[in-house]
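Report on the following structure.
The values are calculated or read from the model by the stated rules, or taken from the named source; none is laboratory data. Bear in mind the structure is a predicted one, so any value in this text is a computation, not a measurement. All Cβ positions, even for glycine, are placed from backbone atoms using ideal geometry, and neighbour counts span all protein chains on display. Calculation scope for accessible area: heavy atoms of the full protein, side chains included, ligands and nucleic acids excluded. Shrake-Rupley method; radii C 1.70, N 1.55, O 1.52, S 1.80 Å.
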Amino acid sequence: MMITDRRLISLFTFISLGMLGFTFSFIGTGLPEIQNYFKISVRDAGLITTVVQLGYAVSAFLGGVVADNIPRERLLMAGCFLLFTGTLLLRLVDNFAINLFFFAITGIGLGAVLISSNALVVELFPDRRGTFLNIHHIFFAVASFLRKPVYRMVFS
């Protein structure tokens, strides 16, 4: 069953960018807590942001090509799934190297969400894409402010 209600698709597209804003902000600002939890050096903590950004960059770069060849909402669902899976699996295992893999999955999901959600908003609102892209990115901003209480729950 395919959802065809444009308002519902729009809402979930906006929420997906909120997930992106939340995740991006908790990775960077949460590094001290993550470093303390895994008992790792500053150098190793830097690997976290490197791995996330590498996954994000590869996914964002390839995501545009993919978004032109498959339905954008499917790419968005795949990105959300990877983002959810990567963040859900964090801390499941105490091994830092395995968690780096989970951070990479998270980064790939972040890139896929960014590309597909922006493309989907432009597709949904071709006549008012600027206005709706602004609304879309407000979800990113609001969610990035909500990260502090949540990452403390996860990494404390």
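Computed over region 72-117, the range of Cα coordinates on each principal axis works out to 35, 13, 9 Å, biggest value leading. The calculated Kirkwood hydrodynamic radius for region 86-145 is 13.4 Å, given to one decimal from all distinct C-alpha pairs.
Report note on the peptides 18-29, 101-112: ranked by the mean count of other C-beta atoms within 10 Å, highest first, their order is 101-112, 18-29. The charge dipole of region 5-72, taken about its Cα centre with unit charges on the Cβ of Lys, Arg, Asp and Glu (plus for the first two, minus for the last two), comes to roughly 80 debye. Multiplying each eigenvalue of the alpha-carbon gyration tensor of the chain by 5 and taking the square root yields semi-axes of 29, 16, 13 Å, largest first, rounded to whole angstroms.
For the listed peptides 43-52, 86-95, a ranking on the average number of other beta carbons within 10 Å per residue, highest first, reads 43-52, 86-95. Against the longest principal axis of the chain, how steep is helix 72-89, in degrees 0 to 90 to the nearest 10, with axes from Cα atoms? Computed tilt is about 20 degrees. The heavy atoms of residue 33 present about 50 square angstrom of accessible area, all protein chains included, probe 1.4 Å. In the context of the full set of protein chains, residues of region 1-127 present 52 Å² of accessible surface per residue (probe radius 1.4 Å, heavy atoms only). A dipole drawn for the chain from +1 and -1 charges on Cβ atoms has a positive end, and of 143, 48, 81 the residue lying farthest that way is 143. Overall, region 24-111 carries a charge dipole of about 40 debye about its Cα centre when +1 sits on the Cβ of Lys and Arg and -1 on the Cβ of Asp and Glu, all other atoms neutral.
How big is the charge dipole of the chain about its Cα centre, in debye rounded to the nearest 20, if each Lys and Arg gets +1 on its Cβ and each Asp and Glu gets -1 on its Cβ?
Value, rounded to 20: 280 debye.
Here region 1-78 was treated as a single set of alpha-carbon atoms; its pair distances binned every 5 Å from 0 give 3, 12, 17, 18, 16, 12, 10, 7, 4, 1 percent.
Angle of helix 42-69 to the longest C-alpha principal axis of the chain, folded into 0 to 90 degrees and rounded to 10: 20°. Between residue 29 and residue 95, the FRET efficiency estimated from the beta carbon spacing at R0 = 25 angstrom works out to 0.60.
In the chain, helical runs assigned H by DSSP with n ≥ 4 each contribute -39500 (n - 2.57); averaged across all residues and rounded to the nearest 500, the mean residue ellipticity at 222 nm is -29000 deg cm²/dmol.
Carbon-plus-sulfur accessible fraction, region 1-74 (probe radius 1.4 Å, protein heavy atoms only): 67%.
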